[in-house]
Amino acid sequence: MDRNLLVIGATGKTGGHTAELLLQRGHHVRALVRRADERSERLAGLGAQIVEGDVLDLNSLAEATRGIDALYFTYPILPGLMDATANVALAAEENGVQAIVNMSQVSARRDSASNAARQHWVAERVLERFPAAVTHIRPTFFAQWLIDTWADGTGELRLPFADGRHAPIAESDQAKVIAAILEDPAPHAGKTYPLYGPVELNHYEIAEKMSQALGHQVTYVPISLDEFRTILEKRGAPEHLIQHLLAVAVDYRNGIFAGTNDLVKKIGGTDPLDVESFVAQNRAAFDLHTD
């Protein structure tokens, strides 16, 4: 059955993949974007209804949720998550939205040292007061993280993760889970799903897999939290994000991001991408800087 589905953050990493999947499957997709750009134009070309708005603006969100059966909610690691969550819950309730899929994170917990992770835990509790089906997804570090930390293009992964482990998960695999839940929310109501890639690795092993996929040497260099802060500051990262990443680096060392399961296959329908396949698919993002 065709459904009227809202994707919040539809030009983002998981939102874009989710919107495309739902459109391919014949659903009516409304894409909430903060501003129109080439990414929203692409979605419009695929058949999405583009709505400009902001989850921090209740009135624009109320308009975006009108006539919607279910929605996907994601928010970047920026201040404002609590206001955004309250607005989503209120607008959805006012307009009779039947289900919400909420992007949280695997480190979300009440006593987290990360402000963002702690806020995600509170946001989950707020959304659980919503009078319809709510499902939380809690991914480990995205495979996209490998691209984001490649910014210096030196062939080194300079990260403060010691020998901690995780199973990187691609945004496209998360989107398959999100889309499946939006299509049939009832079996997933009240559930919290930790999501992982197929193989748990430490960053020495990740660097080895990347080397194999790229055909040149990638090296993992463990660094201190202080050096990581300096790198993030030089990249212009906001303090809210820096505080979060430093805190979750400690979580990572302590095993919070570790684990694997079969939920991507069970819910999304396909095996998740491994590191080699993700890197190969995004090879252009891993060019070395030679200047």
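The values are calculated or read from the model by the stated rules, or taken from the named source; none is laboratory data. Note that the coordinates shown come from a computational prediction; the quantities given were computed from them, not determined experimentally. Glycine also receives a Cβ, built like all others from the backbone with ideal geometry; neighbour counts cover every protein chain displayed.
Inside segment 211-248, can you point out the residues that are of a type in the set (Gly, Ala, Ser) and in a loop (DSSP other than H, G, I, E, B)? Reasoning before the result, please.
Just the residues of segment 211-248 that are of a type in the set (Gly, Ala, Ser), to begin with: 211, 213, 215, 224, 236-237, 247.
Once the filter is applied, which keeps residues that are of a type in the set (Gly, Ala, Ser) and in a loop (DSSP other than H, G, I, E, B), segment 211-248 yields Gly215, Ser224, Gly236, Ala237.
Among (1) without any contact (Cβ under 8 Å) to a residue 24 or more places away in the chain; (2) small (Gly, Ala, Ser); (3) outside any loop (DSSP other than H, G, I, E, B), where does Ala84 come up short?
Every listed condition holds for Ala84 apart from (1).
Give the residue that is farthest from Val177 (Cα to Cα), with candidates limited to residues of segment 249-291 that are among the charged types (D, E, K, R) and assigned to a helix (DSSP H, G or I).
This residue is Arg253.
Can you tell me how many residues within segment 179-204 are in a helix (DSSP H, G or I) and touching a residue at least 24 places away in the same chain (Cβ under 8 Å)? Spell out the reasoning first.
Within segment 179-204, the subset in a helix (DSSP H, G or I) is 179-183, 186-188, 203-204.
Within this subset, residues satisfying the condition of being touching a residue at least 24 places away in the same chain (Cβ under 8 Å) are 179-183, 186, 188, 203-204.
Number of matching residues: 9.
For (1) surrounded by 15 or more Cβ atoms within 10 Å (Cβ to Cβ); (2) within 20 Å of the chain's Cα centre (by Cα); (3) among the charged types (D, E, K, R), each residue gets a yes or a no:
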residue: Gly67; (1), (2), (3): no, no, no
residue: Thr74; (1), (2), (3): yes, yes, no
residue: Leu81; (1), (2), (3): yes, yes, no
residue: Ala86; (1), (2), (3): yes, yes, no
residue: Ala91; (1), (2), (3): yes, no, no
residue: Asn95; (1), (2), (3): yes, no, no
residue: Gln98; (1), (2), (3): yes, no, no
residue: Val101; (1), (2), (3): yes, yes, no
residue: Gln105; (1), (2), (3): yes, yes, no
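So is Ala207 closer than 27 Å to Thr74 by Cβ, modelled with pLDDT of 95 or more, in a helix (DSSP H, G or I) and among the hydrophobic types (A, V, I, L, M, F, W, C) or not?
On the way: closer than 27 Å to Thr74 by Cβ: no; modelled with pLDDT of 95 or more: yes; in a helix (DSSP H, G or I): yes; among the hydrophobic types (A, V, I, L, M, F, W, C): yes.
Judged against the criteria, Ala207 is not a match.
Looking at Ala19, is it surrounded by 15 or more Cβ atoms within 10 Å (Cβ to Cβ), closer than 18 Å to Ala175 by Cα, touching a strand residue (DSSP E or B) at 6+ places or on another chain (Cβ under 7 Å) and not aromatic (Phe, Trp, Tyr)?
Values: surrounded by 15 or more Cβ atoms within 10 Å (Cβ to Cβ): yes; closer than 18 Å to Ala175 by Cα: yes; touching a strand residue (DSSP E or B) at 6+ places or on another chain (Cβ under 7 Å): yes; not aromatic (Phe, Trp, Tyr): yes.
So Ala19 fits the description; yes.
Got a sec? Which of Asp2, Asp37, Asp69 is in contact with a strand residue (DSSP E or B) (Cβ under 9 Å, 6 or more places away or on another chain), more than 26 Å from Arg125 (Cβ to Cβ) and not polar (S, T, N, Q)? It would help to see each step written out before you state the result.
Working: Asp37 fails: in contact with a strand residue (DSSP E or B) (Cβ under 9 Å, 6 or more places away or on another chain); Asp69 fails: more than 26 Å from Arg125 (Cβ to Cβ).
Every option except Asp2 fails the conditions.
Tell me which residues, restricted to segment 173-219, are more than 21 Å from Ala99 (Cα to Cα), surrounded by 19 or more Cβ atoms within 10 Å (Cβ to Cβ) and among the hydroxyl-bearing types (Ser, Thr, Tyr).
Listed by number, the list holds a single entry, Tyr196.
Could you look through segment 117-169, keep only residues that are touching a strand residue (DSSP E or B) at 6+ places or on another chain (Cβ under 8 Å) and of a type in the set (Val, Ile, Thr), and pick out the one that is nearest to Val218 (Cα to Cα)?
Thr149
Condition test on Thr11, is it β-branched (Val, Ile, Thr), at pLDDT 95 or above, surrounded by 19 or more Cβ atoms within 10 Å (Cβ to Cβ) and more than 18 Å from Arg66 (Cα to Cα)?
The answer is no for Thr11.
Kindly check whether there is at least one residue in segment 125-146 that is surrounded by fewer than 20 Cβ atoms within 10 Å (Cβ to Cβ), over 21 Å from Pro194 (Cα atoms) and modelled with pLDDT of 95 or more.
Looking through segment 125-146, none of the residues is surrounded by fewer than 20 Cβ atoms within 10 Å (Cβ to Cβ), over 21 Å from Pro194 (Cα atoms) and modelled with pLDDT of 95 or more.
Can you name the condition, by its number, that Gly153 falls short on among (1) touching a residue at least 60 places away in the same chain (Cβ under 8 Å); (2) part of a helix (DSSP H, G or I); (3) in contact with a Leu (Cβ under 6 Å, 6 or more places away or on another chain)?
(2)
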